[in-house]
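As structure tokens, the structure follows; a few thoughts come after it.
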Amino acid sequence: MMHSIELLLDERSDATVRTHWSQLTDAGLPSAGRHLTPTNRPHVTVLVSSRIRAEADAACAHLSMRFPIPMTIGAPILFGRPERVILARLVVPTAELLDLHAEVVDLSADHIADAPPPLHTAPGSWTPHVTIARRLDPEQLTRALDVADLQTPIDGRFVALRRWDSDARTETRIAGVR
């Protein structure tokens, strides 16, 4: 399984993304919100690895002083193959956000099992985004874009950094606003 370090959204931004998830679910479409567990929340993945040791938490804890971080969730974007896509919304990559990303990757380097995959998360090719739905076929994608308002920008803040352990299905808050 994959482990990750992720940015969490402020309450209002989180609620707006959850509204997108609910709109898709209510329309019978795949949604990133289909798992109703306390740890399934809108987020932006900063780093992924097959294993991230808990020592990464201490290495990144001082980053709390950088939060909250202003952010804008913008246009819809697609990842994957045409027959099954991931629908997400791009997070506008500000200098502050790119700097935080590079610092998290650097501070975590000695505490991960393998280097971040170059696609979407490695420095220089990171695509910050919030996932809306996975495994959409072309017809579902068309419907999803009609159902959810994915054009209106969401201006908010990142308020925390967490480590997600997909094996244990647990989250550990690393840094952020309390």
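Summary table below
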| item | result |
| --- | --- |
| Answer residue from segment 116-137, given it is hydrophobic (A, V, I, L, M, F, W, C) and either touching a helix residue (DSSP H, G or I) at 6+ places or on another chain (Cβ under 7 Å) or surrounded by 12 or more Cβ atoms within 10 Å (Cβ to Cβ) (or both) and is modelled with the lowest pLDDT among those | 122 |
| Whichever residue in segment 145-168 is under 16 Å from the mean Cα position of the chain (by Cα), among the charged types (D, E, K, R) and within 15 Å of residue 53 (Cα to Cα) and, among such residues, is surrounded by the fewest Cβ atoms within 10 Å (Cβ to Cβ) | 165 |
| Count - residues of segment 47-56 that are in a helix (DSSP H, G or I) and either small (Gly, Ala, Ser) or under 18 Å from the mean Cα position of the chain (by Cα) (or both) | 1 |
| All positions within segment 81-115 that are in a loop (DSSP other than H, G, I, E, B) and farther than 19 Å from residue 174 by Cα | 82, 83, 92, 93, 94, 114, 115 |
| Search result, residues across segment 140-178 that are of a type in the set (S, T, N, Q) and in contact (Cβ under 8 Å) with a residue 40 or more places away in the chain | 140, 151, 166, 170, 172 |
| Test: residue in segment 28-47 that is farther than 29 Å from residue 143 by Cβ and buried (at least 18 other Cβ atoms within 10 Å of the Cβ) | yes |
| Search result, residues across segment 16-35 that are out of contact with any helix residue (DSSP H, G or I) (no Cβ under 8 Å at 6 or more places or on another chain) and assigned to a loop (DSSP other than H, G, I, E, B) | 28, 35 |
| Qualifying positions in segment 151-178 - of a type in the set (A, V, I, L, M), modelled with pLDDT under 90 and not in a loop (DSSP other than H, G, I, E, B) | 175 |
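The values are calculated or read from the model by the stated rules, or taken from the named source; none is laboratory data. Since the structure is predicted, the reported quantities are computational estimates derived from the model, not experimental observations. Glycine also receives a Cβ, built like all others from the backbone with ideal geometry; neighbour counts cover every protein chain displayed.
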